[in-house]
């Protein structure tokens, strides 16, 4: 296996203050936090929302309301610098409630920061289901896709795919990955060599950052979401989208992925040794290429799509949000 150079994501301050709601939409960010915040604004009762001050992950003193109930919606990990203030009881008391995006995330905030369970509620993420036609997946090529930021495992995936393509020619990898989604263009610099390997390979295409609607269209044609994840997810919208689009998901049992995937992913044990991790991923990817069109797998994918289109549906999640906020009023 090719030797890997996993650079990860440095904990760097962007020196840019967030919006009053904690998002970075004002600098063009379109990450999961911004997407969830936008859906909440668009789908919930305006009269109900007006009674609360919702802040997403990043708290600034000037954004704390003096006359409304403050609710902190947490998207990041417990050990993120932006979460550390919750160790302080006085800081925690500023919020009527904390909203977590997974049960895994809530448990880690309890263990890592001492946040009481009764201080929070879990309201999981959601998407607009991806509509498919019977012809969308028809292809003699098995199309892999990776559609999240590069630090989550792209450097493991690329050498694995290079090796797979040597013996399995009818595969292709589409990569939609860039920190431009967060407005952090400079952070792409450390991944330029990885991007170039993709560009130079005939079985891979690098698409950079593309709007979500473009990625959703690509998912309709994709067969396998290749996700050798090395960054702890608190939830995973990219996995939810892939499963709604009828893709097999290959990923490790790391952080919130088992909860998000709900036993539908082809999952393997996470390994801190990245070379061992990559080799395990390669074995499973090779197996999935052979089994994708098997009847058992196709039946599983149909059941998977039904589950994800219903459980992770914004129509249902908006009702949960409205019910939650109504209970806070009462």
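Pull up the stretch 13-61, narrow it to residues that are part of a helix (DSSP H, G or I) and without any contact (Cβ under 8 Å) to a residue 12 or more places away in the chain, then point me to the one that is farthest from residue 148 (Cα to Cα). Break it down into steps so the answer makes sense when it comes.
First, the residues of the stretch 13-61 that are part of a helix (DSSP H, G or I): 25-27, 32-43, 46-49, 61.
Now restrict to residues that are without any contact (Cβ under 8 Å) to a residue 12 or more places away in the chain: 26, 34, 41-42, 46-47, 61.
Numbers: 26: 21, 34: 15, 41: 24, 42: 24, 46: 31, 47: 35, 61: 31 Å.
My answer is 47.
Report, by residue number, each residue of the stretch 223-247 that is in a helix (DSSP H, G or I), within 10 Å of the chain's Cα centre (by Cα) and touching a residue at least 60 places away in the same chain (Cβ under 8 Å). Spell out how you get there, then give the answer.
Step one: of the stretch 223-247, the residues in a helix (DSSP H, G or I) are 237-244.
Restricting the remaining residues to those that are within 10 Å of the chain's Cα centre (by Cα) gives 237-241.
Passing the criteria: 237, 238, 240, 241.
Looking at the stretch 111-121, which of its residues are outside any helix (DSSP H, G or I) and surrounded by 15 or more Cβ atoms within 10 Å (Cβ to Cβ)?
Within the stretch 111-121, 115, 120, 121 meet the criteria.
Quickly run through the stretch 73-110 and pick out the residues that are within 30 Å of residue 216 (Cα to Cα) and either in a helix (DSSP H, G or I) or more than 15 Å from the chain's Cα centre (by Cα) (or both). Working first, answer last.
Restricting attention to the stretch 73-110, the residues satisfying the condition of being within 30 Å of residue 216 (Cα to Cα) are 73-78, 80, 99-106.
Within the stretch 73-110, 73, 78, 80, 99, 103, 104, 105, 106 meet the criteria.
Just for the stretch 271-330: of the residues that are in contact (Cβ under 8 Å) with a residue 40 or more places away in the chain and in a loop (DSSP other than H, G, I, E, B), which one is nearest to residue 171 (Cα to Cα)?
Among them, the one singled out is 292.
For the stretch 202-212, which positions are free of Cβ contacts under 8 Å to residues at least 60 places away in the same chain and either in a helix (DSSP H, G or I) or under 26 Å from residue 184 (Cα atoms) (or both)? Full working, then the answer.
Going through the stretch 202-212, the residues free of Cβ contacts under 8 Å to residues at least 60 places away in the same chain turn out to be 202-210.
Selection gives 204, 205, 206, 207, 208, 209, 210.
Output the residues belonging to the stretch 213-222 that are touching a residue at least 40 places away in the same chain (Cβ under 8 Å) and either part of a helix (DSSP H, G or I) or surrounded by fewer than 23 Cβ atoms within 10 Å (Cβ to Cβ) (or both). Can you show your working first?
The first filter runs over the stretch 213-222 and keeps only residues touching a residue at least 40 places away in the same chain (Cβ under 8 Å), leaving 215-216, 218-222.
Matches in the stretch 213-222: 215, 216, 218, 219, 220, 221.
Confirm whether residue 320 is at pLDDT 95 or above, closer than 15 Å to residue 224 by Cβ and surrounded by 14 or more Cβ atoms within 10 Å (Cβ to Cβ).
Taking the combined requirement at face value, the residue does not satisfy it.
State all residues of the stretch 178-209 that are touching a helix residue (DSSP H, G or I) at 6+ places or on another chain (Cβ under 8 Å) and within 17 Å of residue 35 (Cα to Cα); if no residue qualifies, say none.
178, 179, 180, 183, 209
The values are calculated or read from the model by the stated rules, or taken from the named source; none is laboratory data. All figures in this text were calculated on a predicted structure; none of them were measured in a lab. Every residue, glycine among them, receives a Cβ derived from its backbone with ideal geometry; neighbour counts consider all protein chains shown.
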